[in-house]
1. Restricting attention to segment 131-150, does a residue exist that is at pLDDT 95 or above, more than 18 Å from the chain's Cα centre (by Cα) and of a type outside the set (D, E, K, R)?
2. One residue is enough: does segment 236-249 have a residue meeting the conditions hydrophobic (A, V, I, L, M, F, W, C), in contact (Cβ under 8 Å) with a residue 40 or more places away in the chain and either in contact with a Cys (Cβ under 9 Å, 6 or more places away or on another chain) or at positive phi (or both)?
3. Just checking, does segment 75-85 include any residue being more than 19 Å from Val132 (Cβ to Cβ) and within 15 Å of the ligand (Cβ to nearest atom)?
4. Residue under question is Phe88, and the condition is that it be more than 11 Å from the ligand (Cβ to nearest atom), part of a loop (DSSP other than H, G, I, E, B) and either among the aromatic types (Phe, Trp, Tyr) or closer than 23 Å to Ala201 by Cβ (or both); does it hold?
5. Inspect segment 51-70 for any residue being more than 24 Å from Asn39 (Cα to Cα), free of Cβ contacts under 8 Å to residues at least 60 places away in the same chain and out of contact with any strand residue (DSSP E or B) (no Cβ under 8 Å at 6 or more places or on another chain) and give the result as yes or no.
6. Out of segment 213-243, which residues are assigned to a loop (DSSP other than H, G, I, E, B) and surrounded by 15 or more Cβ atoms within 10 Å (Cβ to Cβ)?
7. Report whether or not Gly45 is near the ligand (Cβ under 10 Å from one of its atoms) and in contact with an Asp or Glu (Cβ under 6 Å, 6 or more places away or on another chain).
8. Give the residue that is surrounded by the fewest Cβ atoms within 10 Å (Cβ to Cβ), with candidates limited to residues of segment 166-194 that are touching a helix residue (DSSP H, G or I) at 6+ places or on another chain (Cβ under 6 Å) and closer than 28 Å to Gly62 by Cβ.
Amino acid sequence: MGDAAPEMNRSPVKDLPFVERVYEFDEIDSTNTFALSLNSGPGTGLYVISARRQTGGRGQRGNSFCSSFDGGLWLSLVVPLADVGEHFRVNRSLALAACDALESTAGLRCGLKWPNDLIVNKRKIGGILLEVSTRAPGAVVAGIGVNANFGTDALPVELRELATTVLSETGRPIDVNGLLHRLVTGFNRRLHADAEREGQAYRDRLVGVGAAAVIGDTSGTFAGVDASGRACLKCADGERFFFSGPLRFVS
Ligand code: BTN
C-alpha cells in the first residue's frame, strides 16, 4: 500500500496545525507497517495513523502486540528527523506525552520502564515501537499502543499478570479519541521543548532506578538513562552503557 491509501477525516487531530496528514482505519494489519509503506514523510509536522483494531500488531524484538480488538489506542506517528541520533528524543517525547495523557484522561500515574514500556502499578499498560522508514528517507515511525477500554481478561493468559489496562485500573472507560488528541498535542510540544528539561522529566518517570537488573548477559544495578538514551548498569568493574534492551529486574 502506498501514498494512494484513503486519507480519512474523522480524526480528533485533523485540525491541529502541525498535523500534515491523518489516516484513520477501522481495521488494518499494523499502523506501523502502513506508515512504513508510505513513499514520503511529512515536511516539518506529523502524519498521524490510527486504527480501531490491528490484525497484525507488532511489538519490540519481533513480538506480536495484542491489539486485534476495539478499545485500545493503536497509533503511529511519522516524524521528520534529520539525524538517527535523534531517535531517543522521539521515544522520550512520545513516552512522556503518553504519561501526561494517561494522567489527565484517566488519573493514572504512569512510569517508564526503559526502553519502551509504559507502566502503571508495576504492570505494562502500553509500549512504544520506533522504526526507520526506508521508503521515506529522514522519517521515523513512532508507534504506540495503550490498553484502554477492555479488561485484562481480554489479553492472552500469559500476559494477564504482567499487563494492565485503563479499565482494569480505574473501573471506568475513557474517551480514546481524547487520549489520542492529548497524546499527539503533548508529543509535538515535548519534541520541540528544552532537551535538558525533557531529560529530567524522563528520568523522574523511570522505574527501577537502584534495583538489581540484567541487560543481555550483564548484571548490575540499574543507574538510569543518559542524555542519548543509553541505560547505565553499575557493575562490579564500573559502569556499562546499553543502547537497547530488554532490561530485566531481578529480586
Ligand atoms: C511493545 O510494547 O513491544 C511495543 C508495542 C507497540 C505497539 C504499537 S500499536 C500501534 C503500532 N502498530 C504496531 O504494529 N505496533 C505499534
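1. Yes; the residues of segment 131-150 include at least one that is at pLDDT 95 or above, more than 18 Å from the chain's Cα centre (by Cα) and of a type outside the set (D, E, K, R).
2. Quick first cut of segment 236-249, residues hydrophobic (A, V, I, L, M, F, W, C) only: 236, 241-243, 247, 249.
After this cut, where a residue has to be in contact (Cβ under 8 Å) with a residue 40 or more places away in the chain as well, the list is 247, 249.
Remaining after also requiring either in contact with a Cys (Cβ under 9 Å, 6 or more places away or on another chain) or at positive phi (or both): none.
Looking for residues that are hydrophobic (A, V, I, L, M, F, W, C), in contact (Cβ under 8 Å) with a residue 40 or more places away in the chain and either in contact with a Cys (Cβ under 9 Å, 6 or more places away or on another chain) or at positive phi (or both), one finds none in segment 236-249, hence no.
3. First pass over segment 75-85, keeping only residues more than 19 Å from Val132 (Cβ to Cβ): none.
Checked segment 75-85: no residue is more than 19 Å from Val132 (Cβ to Cβ) and within 15 Å of the ligand (Cβ to nearest atom).
4. On the way: more than 11 Å from the ligand (Cβ to nearest atom): yes; part of a loop (DSSP other than H, G, I, E, B): no; either among the aromatic types (Phe, Trp, Tyr) or closer than 23 Å to Ala201 by Cβ (or both): yes.
Spelling it out, it is not the case that Phe88 is more than 11 Å from the ligand (Cβ to nearest atom), part of a loop (DSSP other than H, G, I, E, B) and either among the aromatic types (Phe, Trp, Tyr) or closer than 23 Å to Ala201 by Cβ (or both).
5. If we filter segment 51-70 for residues that are more than 24 Å from Asn39 (Cα to Cα), which is where we start, we get 61, 63-70.
Imposing the further condition that a residue be free of Cβ contacts under 8 Å to residues at least 60 places away in the same chain reduces the set to 63-64, 68.
Imposing the further condition that a residue be out of contact with any strand residue (DSSP E or B) (no Cβ under 8 Å at 6 or more places or on another chain) reduces the set to 63.
Yes, the conditions are met somewhere in segment 51-70.
6. If we filter segment 213-243 for residues that are assigned to a loop (DSSP other than H, G, I, E, B), which is where we start, we get 216-217, 226-230, 236-237, 243.
Selection gives Gly229, Arg230.
7. Numbers: near the ligand (Cβ under 10 Å from one of its atoms): no; in contact with an Asp or Glu (Cβ under 6 Å, 6 or more places away or on another chain): yes.
No, not satisfied.
8. That would be Ser168.
The values are calculated or read from the model by the stated rules, or taken from the named source; none is laboratory data. None of the values given here were measured: they were computed from a predicted structure. In this analysis, Cβ positions are derived from the backbone assuming ideal geometry, glycine residues included, and neighbour counts consider all displayed protein chains.
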